[in-house]
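One structure is given below, encoded as structure tokens.
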There are 2 protein chains.
Amino acid sequence: MKIRAEVLTEDTKEILTKLGVPEDAAQTVAEELVRSNLMGVDSHGVLRIPRYVKQIQDGFIKPDANVKVVKESPSTAIIDADCGFGHVAARKMAQVVCEKAAKTGIACALSMNSTHIGRAGAYTEWIARQGMIGFAVAAVYTQGPLAPYGAAEGKLGTNPISWAVPRYGADPVIMDGATTIAAEGKLRAYIQKGMQVPEGWIRDGHGNNTTNPEDFYKEPKGTILPIGGLNAGAAKGSALSIMCDMFSIALANDDYWTALKEGGKLKAENGFFLMAVNPEFFCGTLAYEKQVDNHARFIKDAKPAEGFDEVLLPGEFEFRQAKKKEQEGIDLPEETWNGLVSIGQKLGCKWSAGLETVKAKEFVQF
Amino acid sequence: MKIRAEVLTEDTKEILTKLGVPEDAAQTVAEELVRSNLMGVDSHGVLRIPRYVKQIQDGFIKPDANVKVVKESPSTAIIDADCGFGHVAARKMAQVVCEKAAKTGIACALSMNSTHIGRAGAYTEWIARQGMIGFAVAAVYTQGPLAPYGAAEGKLGTNPISWAVPRYGADPVIMDGATTIAAEGKLRAYIQKGMQVPEGWIRDGHGNNTTNPEDFYKEPKGTILPIGGLNAGAAKGSALSIMCDMFSIALANDDYWTALKEGGKLKAENGFFLMAVNPEFFCGTLAYEKQVDNHARFIKDAKPAEGFDEVLLPGEFEFRQAKKKEQEGIDLPEETWNGLVSIGQKLGCKWSAGLETVKAKEFVQF
């Protein structure tokens with residue numbers, strides 16, 4: 001099933017507004033979800049909608065949340081997401097850190113009471129497009145699937161790290177990755193496609209290596225290996241994941257550990273630390289963008305390894321996919337699409353009612 | 001050969017002062033080297049002295065450098081290391097970012113013209129001991145041994161990332177690791193001990209996997225694999241290494257790529273980006289240290305995996321080693337010790353002249 005990005009965005013937006021999400025917030029969330037699909041990060045795309053819908057219906061996500069700065073200084077801010085969509089709060093954070101870093105050279109913001117923020121890389125990319133360096137770590141407010149180095153049980157989230165730098169005359173160079181060997185969303189995407197995951201990604205709840213992503217979700221719950229898998233890098237991946245918690249959840253001082261211990265109800269899903277560094281306070285923005293370009297070319301000049309046609313920069317593959325999909329449409333698994341249609345019909349969305357017409361008119365069919 | 005840390009520090013200091021390094025700078029460098037040995041990071045310990053001595057004699061390290069802030073704002077600074085010891089400049093940076101973050105909540109500093117800084121973790125640890133979050137990335141000013149993801153040749157340095165957070169009533173939680181699967185210094189340490197490295201660490205210059213660390217140094221030069229080795233985490237390790245360059249070398253705008261391309265002489269060895277975040281501007285310092293402690297306990301509570309007695313936090317193993325070695329002495333390979341003695345004798349150091357007496361009196365023998 002191929003669908004044009006604009007159409008998918010409109011459909012998603014209608015679902016959200018039907019659930020009481022104000023126009024501008026619905027637009028933000030829809031854009032972020034579809035942008036994830038465009039970038040090839042299906043795990044953070046519209047696949048998430050059924051879960052978000054349920055979270056709104058369960059009262060976990062507050063549709064008409066009031067995102068606001070609750071504490072600030074010239075270089076720092078705490079943003080209260082008011083239990084609304086994390087995407088909306090995270091965009092606000094990106095704006096705030098850029099405004100502050102424009103004046104002070106470096107600024108960071110921290111979220112409180114935020115639900116899922118989507119792709120961390122969306123916000124660092126935005127910062128890079130303002131000519132600054134973006135850096136982000138996020139953490140998940142739950143006893144996550146990553147077993148810390150030396151542990152047999154999951155404790156940490158898939159906690160992503162992202163950074164992005166502006167490159168002269170080209171898309172930013174951007175890294176956005178879980179501190180596990182793969183994001184949990186990737187496991188969901190493999191299940192939807194009916195595929196096995198590569199070896200060394202996951203263990204079942206008994207500590208055995210497996211390539212069946214379903215094993216991860218069975219009780220007792222499995223674990224995802226840190227970056228490094230079973231090699232010497234595992235301790236580093238584990239440490240990076242701990243860093244994400246320490247930078248975001250611990251710094252916000254939400255009642256995370258107490259709630260976990262006492263079986264309390266958590267109001268938040270993601271802790272998010274976002275930072276902007278302004279090159280104007282160092283070598284100058286233009287000089288920096290040119291240095292990034294120099295370095296990008298230096299790396300791309302490397303002789304490709306066997307099995308590679310060229311050396312790609314972090315983010316380059318994703319940007320190419322996005323450009324292609326903007327032209328050719330987004331390829332959605334039937335299951336994802338059917339999930340959206342079913343929700344759309346229940347909510348009485350216009351697009352799902354006139355589905356056949358819409359399909360004939362708007363969809364790019366191949 | 002076991003030697004007490006204080007004795008090794010004094011011996012190292014005398015070598016440096018004989019070469020024209022002022023008293024305080026010599027003290028700093030000696031302390032940092034010996035602290036690396038105490039923490040079990042032999043690759044960054046006194047093993048480095050022969051190389052540093054040669055760099056001073058070659059005019060690469062300026063012994064009487066004048067480290068100074070050359071550009072600053074309330075939250076940022078550039079420190080010119082004046083081609084002196086990187087350790088001295090990096091300590092100054094740690095001090096500057098803490099002073100600034102005390103007032104603004106977050107601050108970062110960048111080095112220029114710095115030689116080897118030693119362990120990045122030394123400076124983030126110092127920041128954590130001031131009650132703040134320390135974060136650092138460093139890069140090496142050379143066409144390094146890390147092959148970017150998809151490349152057959154080395155382009156990137158072993159570029160370390162370090163972060164440290166203050167923990168209530170305990171040592172900081174601290175990560176300090178190369179973005180390669182192992183630091184290059186580790187390969188040197190394996191060679192000195194006559195050992196093979198684990199599989200998946202290095203390739204020879206023809207792209208073949210090998211466990212012989214000597215293969216790495218033969219021409220054509222070998223490569224070190226990124227965190228992740230040959231698994232899905234390799235692209236992330238490669239991206240993190242690129243980040244280190246982009247945050248430090250590119251932001252300093254030193255004439256790195258021009259010099260590399262045109263075979264020019266580089267004045268610097270390490271680019272260093274160091275940052276402090278002040279929890280007082282978020283949840284408050286005491287609350288933060290207690291949250292870190294909560295999280296530390298939550299992680300350590302995990303059931304240990306097979307082959308592990310307990311789950312250790314990042315840095316915990318190193319701090320335990322340091323405490324043990326402070327009591328029992330530092331175990332140096334004969335080759336390292338003989339290298340120091342030979343230099344000490346050439347320079348006419350008192351300690352090396354009266355070696356037998358010193359040995360009988362000061363060394364802890366087991």
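Residue farthest toward the positive end of the dipole of segment B:41-181, with Cβ of Lys/Arg at +1 and Asp/Glu at -1: which of B:Val70, B:Ala178, B:Ile161?
B:Val70
Determine the order of B:Asp42, B:Asp58, B:Asp309 by accessible area, beginning with the largest, at a probe radius of 1.4 Å.
B:Asp309, B:Asp58, B:Asp42
What dipole magnitude, in Debye to the nearest 20, does segment B:1-104 give about its Cα centre under +1 on Lys/Arg Cβ and -1 on Asp/Glu Cβ?
260
Per-residue mean of other chain beta-carbon atoms within 10 angstrom of the beta-carbon, peptide B:295-304?
6
Mind running the shape call on the protein assembly as shown? Use the C-alpha gyration tensor, a ≥ b ≥ c as the square roots of the eigenvalues: rounded below 1.5 for a/c, prolate if a/b tops b/c, oblate otherwise.
Prolate is the answer for the protein assembly as shown, as a/c is 1.5 or above and a/b outweighs b/c.
Taking Rh as the Kirkwood radius, which is the inverse of the mean 1/r over Cα pairs, what is the Rg/Rh value for segment B:109-222?
1.05
Apply the a/c threshold of 1.5 to the C-alpha gyration tensor of chain A and tell me whether it is rounded, prolate or oblate.
rounded
Averaged across the residues of B:308-317, what count of C-beta atoms belonging to other chains lies within 10 Å of each residue's C-beta?
Mean number of neighbouring Cβ atoms from other chains: 4.
Report the A-B buried area as the accessible area lost on both sides summed, probe 1.4 Å, in Å² to the nearest 100.
Approximately 6700 Å², summed over both chains.
Sorted by average packing, counted as other Cβ atoms within 10 angstrom per residue and highest first, what order do A:319-327, B:18-26, A:136-144 take?
A:136-144, B:18-26, A:319-327
Sticking with the crude label model, points 7 Å out along Cα→Cβ, report the distance from B:Arg297 to B:Asn209 in nm, one decimal please.
About 4.3 nm, to one decimal.
5 Å is the cut-off here: which amide hydrogens, built 1.01 Å from N in the peptide plane, fall below it relative to A:Ile202, excluding neighbours closer than 5 in sequence?
For A:Ile202, the qualifying residues are A:Thr210, A:Leu225.
Could you tell me what percent of the accessible area of segment B:92-208 is made up of carbon and sulfur, with a 1.4 Å probe and every protein chain present?
The nonpolar share, carbon plus sulfur, comes to 46 percent.
Using a 7 Å offset from Cα along the direction of the beta-carbon, what are the separations from A:Gly207 to the same position in each other copy, nm, ascending?
List, nearest first: 4.0 nm.
Cβ neighbours within 10 Å, averaged per peptide: list A:34-40, B:236-242, A:243-249 in order, most packed at the top.
B:236-242, A:243-249, A:34-40
For a test of the definition: using alpha carbon positions, the gyration tensor, and the 1.5 limit on a/c, classify segment A:258-338 as rounded, prolate or oblate.
Judged from the Cα gyration tensor, segment A:258-338 comes out oblate (a/c at least 1.5, b/c at or above a/b).
Given a Förster distance of 56 Å, report the FRET efficiency between B:Glu199 and A:Glu328 from their Cβ-Cβ distance, rounded to the nearest 0.05.
Between B:Glu199 and A:Glu328 the formula returns 0.85.
Would you mind calculating the relative contact order of chain B from Cα pairs under 8 angstrom and at least 6 residues apart, reporting the percent as a whole number?
This gives 21 percent for chain B.
For B:Val341, go 7 angstrom from Cα along the Cα-to-Cβ vector, then report the distances to that same point in the other copies in nm, smallest first.
Values, ascending and in nm: 8.3.
Can you tell me the order of A:79-85, B:290-296, A:272-278 when each peptide is scored by its average per-residue count of other Cβ atoms within 10 angstrom, highest first?
Order by mean packing, descending: A:272-278, A:79-85, B:290-296.
Please report, for B:Glu326, the nm distances (one decimal) from its label point, 7 Å out from Cα along the beta-carbon direction, to the equivalent points in the remaining copies, shortest first.
For B:Glu326, the other copies' label points sit at 5.7 nm, shortest first.
The values are calculated or read from the model by the stated rules, or taken from the named source; none is laboratory data. Since this is a predicted model, take the numbers as computed values, not measurements. No Cβ is skipped: glycine too gets one built from the backbone with ideal geometry, and neighbour counts run over all protein chains shown. We work out accessible area using only protein heavy atoms, side chains counted, and drop any ligands, DNA or RNA first. Shrake-Rupley method; radii C 1.70, N 1.55, O 1.52, S 1.80 Å.
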